[in-house]
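See below for the structure under consideration.
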Amino acid sequence: MTKQPLPKFSLKDHLFNSQKVQYLAGLFSVAVPGFDTTGFTHAVMKRLKRLELKQRIALIAETLEPYLDRDFPTAAKQILSALPPELDPNKTDDDFGDFIIAPLGEYIVRQGLAKQHVAISLKTLKEITKRFSMEDALRSFINAHPEQALRELTKWSKDRNYHVRRLVSESTRPRLPWSGRLSIPHAAPLPLLDQLHADPTRYVTRSVANHLNDIAKIEPALVLEMLERWRQRGEQQPDELDWICRHALRTLVKQGHTGAMKFLGFRIDPQVSVGNLELVNTKISGGESLEFSITLTARRTETLIVDYVIDFVKASGSLSPKVFKAKKLELQRGESITISKRHPLRANATTYRLFPGTHRLTVQINGKAMASTSFELL
């Protein structure tokens, strides 16, 4: 009997579907007298399925407009009344919330961006973010009203709710995924990070580290200077600050940035003998895995970061390098280790497409290329 393939997972259908839309409509039906649950749900669903994820957020926000009061301050109160309970305050990480709340932020942007509504809009976004993170919506207010928004974010950086504190860092990131660029200079939010780096919650400090990683792609020296200042101040727990530093400098480490390597305690000229880079197969089909091994021998005691780089063939035939983590280790003088890795080459990945041709594999140690070979993707 032929085994049927599993249906392909669809993130947009998982996050935005009929059940989710009905749930949102149900929240408003309780909070807003006379809310037309059936009409709202039908209006959304007749267009939803043919749209992509962010388009679905915009559709739901647009559709909601005639179902709420035309007066924005009144509509904002209706939204606040409809909000579900806050996310669990006892958690400290990985509690992003339900995506079906995202259209409420889009609604606030569409209806409340005018100067006379900014205070109400920011207050409303602050409450929504306790249910689902509002960084994308908040960026519109930072661009349109930077001084007022940054003043409010300064207050939020000391808020009791860790979702609000995280929003301060996340909304001001220079290169936030899925979001447009900010018009303010990338250094403008640094006083906010000065406050947040000492936060006791990993959900907040991860955002701070990601924020600094964004800046490191623009101005590495500024990030190193800031991390050194935090080290000297000693306001964060040493282990947590070490984690922030490693996470903030991860892109620079992959690039072999000298200053980042030295800051983290890695020598940029590791005394390591490198054996041949061995491939299990030199011809690989999409859907299979690239398997390789390499042997390292330390000529002196060394702390090492071992990465590998795959130069992927693009549609144009040119190469595009991507860096992957292999291992962090310490070798004593004369000690050897064989590192083996198995890297899946997914034929139907949603984030990138594989193209046939000659690819290159390079192993780098402390940011320095040490061995390379090639393989053929069929």
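When SER183, SER157 are checked against the criterion of being touching a residue at least 12 places away in the same chain (Cβ under 8 Å), farther than 28 Å from GLN364 by Cα and surrounded by fewer than 17 Cβ atoms within 10 Å (Cβ to Cβ), SER183 stands alone in meeting it.
Would you be able to say whether some residue in the range 88-104 is assigned to a helix (DSSP H, G or I), of a type outside the set (A, V, I, L, M, F, W, C), without any contact (Cβ under 8 Å) to a residue 40 or more places away in the chain and out of contact with any Phe, Trp or Tyr (no Cβ under 9 Å at 6 or more places or on another chain)? Explain how you work it out, then say what you get.
Applying the first criterion (assigned to a helix (DSSP H, G or I)) to the range 88-104 yields 99-104.
Checking which are of a type outside the set (A, V, I, L, M, F, W, C) leaves us with 103.
Those left that are additionally without any contact (Cβ under 8 Å) to a residue 40 or more places away in the chain: none.
No, the range 88-104 contains no residue that is assigned to a helix (DSSP H, G or I), of a type outside the set (A, V, I, L, M, F, W, C), without any contact (Cβ under 8 Å) to a residue 40 or more places away in the chain and out of contact with any Phe, Trp or Tyr (no Cβ under 9 Å at 6 or more places or on another chain).
Residues in the range 111-137 that are more than 17 Å from SER157 (Cα to Cα), under 22 Å from the mean Cα position of the chain (by Cα) and either assigned to a helix (DSSP H, G or I) or of a type in the set (D, E, K, R) (or both): 3 in all.
From the residues in the range 247-299 that are among the acidic types (Asp, Glu) and in a loop (DSSP other than H, G, I, E, B), which one is farthest from the chain's Cα centre (by Cα)? Break it down stepwise before answering.
If we filter the range 247-299 for residues that are among the acidic types (Asp, Glu), which is where we start, we get 269, 278, 288, 291.
When the remaining residues are screened for being in a loop (DSSP other than H, G, I, E, B), the result is 269, 288.
On the way: ASP269: 32, GLU288: 28 Å.
Checked the range 247-299; the qualifying residue farthest from the chain's Cα centre (by Cα) is ASP269.
Going by what's in this entry, would ILE79 be described as out of contact with any His (no Cβ under 8 Å at 6 or more places or on another chain), closer than 28 Å to ARG206 by Cα and either surrounded by fewer than 18 Cβ atoms within 10 Å (Cβ to Cβ) or at pLDDT 95 or above (or both)? So ILE79 does not fit the description; no. Where helices (runs of 4 or more DSSP H) fall entirely within the range 1-82, those with at least 3 residues that are charged (D, E, K, R) are at 53-64. Please verify whether the range 349-360 includes one or more residues that are in a strand (DSSP E or B) and among the aliphatic types (A, V, I, L, M). Among the residues of the range 349-360, not one is in a strand (DSSP E or B) and among the aliphatic types (A, V, I, L, M), which makes the answer no.
Just one of the listed residues (SER18, SER29) is of a type outside the set (Asp, Glu) and farther than 28 Å from SER121 by Cβ, and it is SER18.
Each row is one residue, and each column tells you yes or no for (1) surrounded by fewer than 20 Cβ atoms within 10 Å (Cβ to Cβ); (2) closer than 19 Å to TYR162 by Cβ.
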| site | (1), (2) |
| --- | --- |
| ASN90 | yes, yes |
| ASP93 | yes, yes |
| ALA114 | yes, no |
| HIS117 | yes, no |
| SER121 | no, no |
| ARG131 | yes, yes |
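The values are calculated or read from the model by the stated rules, or taken from the named source; none is laboratory data. Note that this is a predicted model, so its numbers are computed, not measured. Every residue, glycine among them, receives a Cβ derived from its backbone with ideal geometry; neighbour counts consider all protein chains shown.
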